[in-house]
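Structure record follows, encoded as structure tokens.
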Amino acid sequence: MSTNFRRAGAALFAATLTAATLVACSSEQAPQGGGDGGGESAAASDTIVLGFSQVGAESGWRAANTKSIQDTLTTENGFDLKFSDAQQKQENQIQAIRSYIQQQVDVIAFSPVVETGWDAVLEEAKAAEIPVILTDRAVDSEDDTLYESFIGSDFVEEGKRAGDWAVEQYDGEGYKAVELQGTTGAAPMIDRQQGFADAIAGSDIEMIDSQTGNFTRTEGKQVMEGFLQKYDDIDLVFAHNDDMGLGAIEAIEAAGKVPGKDIKIITVDGVKDGMQALADGKINYIVECNPLLGPDLAEIAKKVVAGEEVEKRIVTQDEAFDQEAAKAALPDRQY
Ligand code: AHR
């Protein structure tokens, strides 16, 4: 295939533009993955070289998402995957994307750690004629020609489903709720907060405090410990992911209370650890966020490289689980 030849001139231009930045950032970790990683494309004639910049390794969800991508975008499936972990830092993702442009990859895909601040680097990819696919999280840009497709869940809907269930179960009891938010400025943090707030508006569930736990178990636990010291009347926790909910369980138990009973917990994701806690009665409800995006990414990347039309927005289908549903789903859970 030779998208690489077609793009060589533009990519050379982009490489020149980015060289100074890359030299400046030379102490940071270069993207890692298959292929030779050199200035020339590593593509064999029929292989799609895809540079993927992952958010990090902050959660069980992220581990499952990375595995899905690495297991699907294989040599046997026609890909040369270059993979980099941004450790939850936007500057690392921008550096990785610039490096992929310099390497003249066929496609760039990434899951943006935060929503804003992407236009400049996406314009560089566009100038180099390298298509970009967003997975999992959206960018907040007025120019939707900067990417080909966005594959991922509807995070507002996830927050709304969580809030709807809370209202259905607990409205009328004057519950006081706290929120463990995801990474500040990330699409799932912004959207899940919004969806939940919209759903509980008009009920007597009151959100008394919200703070970021950065989607990690450790920070979720720390933030919950702070909430428990500050308030002695918390009835409900809405955690933007399972990991923070699992951290909250540890904090609640350490405070001598019973998670799932004294303090109800609703989370998002549906990874095995979360589902087990739900089956055990320590979490009360989980809205799923499907991390298995590798197959859709492979399909869309192949179409984009072949010059075929692709859908601008592909919404991943998610379920939701109460205790009985979690017990039934656990034996076959893939992640
Ligand atoms: O963007 C998806 C979110 O990122 C997941 O819900 C969370 O676990 C992850 O860190």
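The values are calculated or read from the model by the stated rules, or taken from the named source; none is laboratory data. Keep in mind that this is a model prediction, so the values were computed, not measured. All Cβ positions, glycine included, derive from the backbone under ideal geometry; neighbour counts span all protein chains shown.
Annotations
- Every condition in (1) more than 16 Å from the ligand (Cβ to nearest atom); (2) surrounded by fewer than 22 Cβ atoms within 10 Å (Cβ to Cβ) holds for THR218 except the one numbered (1).
- Among the residues making up segment 130-160, a single one is of a type in the set (Val, Ile, Thr), within 16 Å of the ligand (Cβ to nearest atom) and either at positive phi or part of a loop (DSSP other than H, G, I, E, B) (or both): VAL139.
- The number of residues in segment 289-313 that are part of a helix (DSSP H, G or I) and more than 21 Å from ASP144 (Cβ to Cβ) comes to 4.
- Pairs with Cβ under 7 Å, 6+ apart, first in segment 87-101 and on the phi > 0 side of the Ramachandran plot and assigned by TED's automatic domain parsing to the domain that holds ASP119, second among the small types (Gly, Ala, Ser) and modelled with pLDDT of 95 or more: GLN87/GLY56; GLN88/GLY56
- The condition of being surrounded by fewer than 23 Cβ atoms within 10 Å (Cβ to Cβ) and away from the ligand (no atom under 16 Å from the Cβ) holds for only one of ALA301, ALA306, that being ALA306.
- Taken as a whole, the condition of being within 30 Å of THR116 (Cβ to Cβ), among the small types (Gly, Ala, Ser) and crowded, with 22+ Cβ neighbours inside 10 Å does not apply to GLY226.
- Selection of segment 264-279 for residues being surrounded by fewer than 22 Cβ atoms within 10 Å (Cβ to Cβ) and away from the ligand (no atom under 14 Å from the Cβ) yields LYS264, GLN276, ALA279.
- All positions within segment 313-327 that are charged (D, E, K, R) and surrounded by fewer than 12 Cβ atoms within 10 Å (Cβ to Cβ): GLU324
- Any hit, segment 110-117, residues being away from the ligand (no atom under 16 Å from the Cβ), over 16 Å from the mean Cα position of the chain (by Cα), modelled with pLDDT of 95 or more and surrounded by 20 or more Cβ atoms within 10 Å (Cβ to Cβ): no
- Qualifying positions in segment 166-199 - out of contact with any Phe, Trp or Tyr (no Cβ under 9 Å at 6 or more places or on another chain) and either under 20 Å from ASP322 (Cβ atoms) or surrounded by fewer than 16 Cβ atoms within 10 Å (Cβ to Cβ) (or both): VAL167, GLU168, TYR170, ASP171, GLY172, GLU173, GLY174, TYR175, THR184, ASP198
- Among the residues of this structure, ALA326 does not count as one that is at pLDDT 95 or above, of a type in the set (Gly, Ala, Ser) and either more than 30 Å from ALA248 (Cα to Cα) or assigned by TED's automatic domain parsing to the domain that holds VAL237 (or both).
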